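Worksheet: the structure to be examined is printed underneath.
The values are calculated or read from the model by the stated rules, or taken from the named source; none is laboratory data. Since the model is a prediction, treat every value here as computed from it, not as a measurement. FYI the Cβ positions are ideal-geometry reconstructions off the backbone, even for glycines, and counts take in every protein chain you see. Ligands, DNA and RNA are excluded from the accessible area calculation, which covers all protein heavy atoms including side chains. Shrake-Rupley method; radii C 1.70, N 1.55, O 1.52, S 1.80 Å.
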Amino acid sequence: IRKIVSVDERSVLAFAGLTADARVLINKTRIEAQSYRLTCEDAPSAEYLARYIARTQQKYTQRGGVRPFGIATLLAGFSEEGKPVLYQTDPAGTHSEWKAQVIGGRNAKSLREFLEKNWEEGLEESKAIRMGIQALLEVVDSGAKNMEICVVRPGGAKSIMDEKDVDDIVKAIEAESEES
């Protein structure tokens, strides 16, 4: 099961929660992105898509006869100025912009504190990947086998890291922690 999916050629969505709900919401979002592209002749921004997702989730919390979506999402992309952006939505229908964020799981608060402590402005890609993997190691038992890392680069380039590459970083982190 993939927890990281491409919504548009310029944005990527990661989710935590019910996979069936995620499939429905992702399909709605993809259709909205295509509709926006046809209407405006330009790709929708990550902020626009985050607002659309949040609005859709909020509608389902208030409508009778349907249940709310049981997922939280992180939507990553780049702004018009080429700066990386990250938006979070939750089942209640709120959305917010973050520099680094975690969703799902019981340890979200401690992982958020870890990111607050270790994140710094202008972080290199390799250091950002390492920090993300360190955060995941706090909650994932079996190392790289259960990790999916997606790197989003300017211009819409997205790549899912190979398990071997993730495993190499995991081993380096574990070796470093054993030394100290």
**Request:** Please go through the stretch 31-51 and pick out each residue that is open to solvent by 30 Å² or more (accessible area, probe 1.4 Å) and within 16 Å of the chain's Cα centre (by Cα).
**Result:** S45, E47, Y48, R51
**Asked** For the stretch 127-154, which residues satisfy the criterion of being assigned to a helix (DSSP H, G or I) and either among the hydrophobic types (A, V, I, L, M, F, W, C) or in contact (Cβ under 8 Å) with a residue 40 or more places away in the chain (or both)?
**Response** A128, I129, R130, M131, I133, A135, L136, L137, A144, P154
**Message:** Would you confirm whether or not the stretch 130-144 contains a residue that is at positive phi and buried (at least 16 other Cβ atoms within 10 Å of the Cβ)?
**Reply:** yes
**Message:** If a residue must be assigned to a helix (DSSP H, G or I), more than 18 Å from H95 (Cβ to Cβ) and of a type in the set (G, A, S), how many such residues does the stretch 28-65 contain?
**Reply:** 1
**Asked** Is there a residue being touching a helix residue (DSSP H, G or I) at 6+ places or on another chain (Cβ under 8 Å), of a type in the set (F, W, Y) and closer than 24 Å to K158 by Cβ anywhere in the stretch 89-109?
**Response** no
**Prompt:** What is the residue count in the stretch 2-24 for residues that are among the aliphatic types (A, V, I, L, M), over 25 Å from R153 (Cβ atoms) and either without any contact (Cβ under 8 Å) to a residue 24 or more places away in the chain or open to solvent by less than 20 Å² (accessible area, probe 1.4 Å) (or both)?
**Reply:** 1
